[in-house]
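Working notes, structure below.
The values are calculated or read from the model by the stated rules, or taken from the named source; none is laboratory data. It should be emphasised that the depicted structure is a prediction, and the values quoted were computed from it without experimental measurement. Neighbour counts are summed over all protein chains in view; Cβ atoms, including those assigned to glycine, are modelled from backbone coordinates with ideal geometry.
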Amino acid sequence: MLDPVPQQPVDLARSEAAAPPEAVEAALDHWRGEIRGLPTDVFARRRDPAAEGCFSASLTVPSLLATSRGVAARARCWPAAVHLAAYAVAVAAYTGERRIPHRLYTSQRTASGFPDVLTCLSYPTLAALDLTDDPVFGTVLSRAADRIGLAMKHAHVPYDQVAEFVAAEGVRRGRPLRVATEVNFLDHGTQSCHTRRERLTWNAAPADWATAGSDLYLRIYEWSDGVTLALQATAEIMDRDAVEQFLRGYARLLEAHRESGVDLTVSQAADLVGFAAPVSAPAPASGPEPAAEAGPAAEAEAAEPEVETEAEQALATVTAEANGLAHVDPADSYTTAGGRVLRLPRVLADLHDLGWAGATLDHLAGASPLRTVASRLTRSSQMGNPR
C-alpha cells in the first residue's frame, strides 16, 4: 500500500498565488524581454507549407557520452548546456538564422519547494541563444549555461501569461511569432544504450505529435554507455534527408570538440554540419520588428466595417462569455480582445456545443484576428448541446 501523498497541486497553487507581486512582475519582465528579441520564425528560410507529414529518427553514438561529459567538465557546466549549445549551432547551420529560440524543459521540482507534489514540474521554458557575432563554441556553451540558469530562475510565473506575451508580440509585428521547437535532456545513466557502434534508427511517424503544433522536438538521452539523439520534425521544415544530416552533423560538431584545443566559430561549425545555404527568400531579421502601419486599405476597412459572418459572431460571442468580456471585435486577436489562454479549452468546448469545429488552441492563441480564425470554422456533423 502506498504512503499518503503529503503535497497536492492545490498546495503548490496556493503557494504560488501568495508569491510577492513584485517578484512575479520582475520574472514576467524577463520573459517580455526574451520575447521581444526572438525571430518571428527561425525556420522561415526552410519552411514549405505545402509539405505534409513528419519524420522521426534517432542516432545513438556511444563515444558521445565521454565527449559531451569532457566538454562539460572543461567548461564547468552541466552536459545539458553542452547539448543546448550544439543544438543552437546545428539549427543555425540549417536555417541561416543567428538568433536561435527554443523551449527547453527545465525541472522545477526542487526549486518549487514542493518536491513530492503529484504534478508535472518540468516547464518548456522559452529562451534564445544569440550567435550574431559568430562566437566560438566555447562562448556559445557559456551563453547556453547562462540561459538555462536564467530560465530556471524566472520559471515561477503564470505560464499562460508567457503564452499571452508571445501572442501580443505577434500582433505587434503583424504576423504570428512562432516558437515551436522543444529540447529535452533526459538522464538515463543507470541504463544501457545496447550498442557499441553508431546506430541510426528510423521510427514510426509520431502521428499524435504531428497535430500538436510543434515544428521540431529534440530529445537527448544520456545512457551509462552512450548518448541517443532523438529528433522529430515536421516535413514542413525538414525532409527525411535533412533529419538524418542534422543528427549526424550535430554528433560531428560535438566530436570535433572532444579535444580541448578545438574551438570552432559558428560559421566553421556550420561548414562541418554540412547543410547547403537556404535558397528561399531571406527571413525577417531577428529581434524586435516595427508594428505594421495602417495604409489606405486599412483606413478604408476601418471606415467601412465588414459584415460579420455567422462563424465570426459565434466565435466573438463565445470568447466574450468565456472571458467575462462585454464586447469582442472579430478584427482583434483572441488575446488582444482580452481572452486568457487558460480559458481556451472552454472556448473550444463552447464552440463545439454550438456545432462549430475547425479551430485549435494554436489558432486562437496566435496573432491572427478572430475573423481569420472564424474562417476556419465549419459546421460540425456532430452537433453539440444547443444553447
Out of all the residues in the range 238-287, which are modelled with pLDDT of 95 or more, among the hydroxyl-bearing types (Ser, Thr, Tyr) and over 22 Å from Val179 (Cα atoms)? Thr265, Ser267
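Tell me which residues, restricted to the range 241-271, are aliphatic (A, V, I, L, M) and under 26 Å from the mean Cα position of the chain (by Cα). Can you show your working first?
To start, the set of residues in the range 241-271 that are aliphatic (A, V, I, L, M) comprises 242-243, 247, 251, 253-254, 256, 262, 264, 266, 269-270.
Those that are aliphatic (A, V, I, L, M) and under 26 Å from the mean Cα position of the chain (by Cα): Ala242, Val243, Leu247, Ala251, Leu253, Leu254, Val266, Ala269, Ala270.
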Per-region count, the range 238-266, residues in contact (Cβ under 8 Å) with a residue 24 or more places away in the chain, part of a helix (DSSP H, G or I) and loosely packed, with under 14 Cβ neighbours inside 10 Å: 1
Can you tell me which residue within the range 150-181, out of those that are under 20 Å from Leu218 (Cα atoms) and part of a helix (DSSP H, G or I), is farthest from the chain's Cα centre (by Cα)? Met152
Note on the range 367-380: residues touching a helix residue (DSSP H, G or I) at 6+ places or on another chain (Cβ under 6 Å) and either over 16 Å from Val318 (Cα atoms) or among the basic types (Lys, Arg) (or both) are Ala367, Arg371
Answer yes or no: is there a residue in the range 110-123 that is in contact with a Leu (Cβ under 6 Å, 6 or more places away or on another chain) and closer than 23 Å to Ala72 by Cα. no
Just for the range 340-362: of the residues that are touching a strand residue (DSSP E or B) at 6+ places or on another chain (Cβ under 8 Å) and of a type in the set (Gly, Ala, Ser), which one is farthest from Ser375 (Cα to Cα)? Gly355
Any chance Leu177 is hydrophobic (A, V, I, L, M, F, W, C) and either touching an Asp or Glu at 6+ places or on another chain (Cβ under 9 Å) or surrounded by fewer than 19 Cβ atoms within 10 Å (Cβ to Cβ) (or both): yes
Please give the helices (runs of 4 or more DSSP H) falling wholly within the range 1-119 in which 3 or more residues are out of contact with any helix residue (DSSP H, G or I) (no Cβ under 8 Å at 6 or more places or on another chain) and modelled with pLDDT under 95. 9-17, 21-36
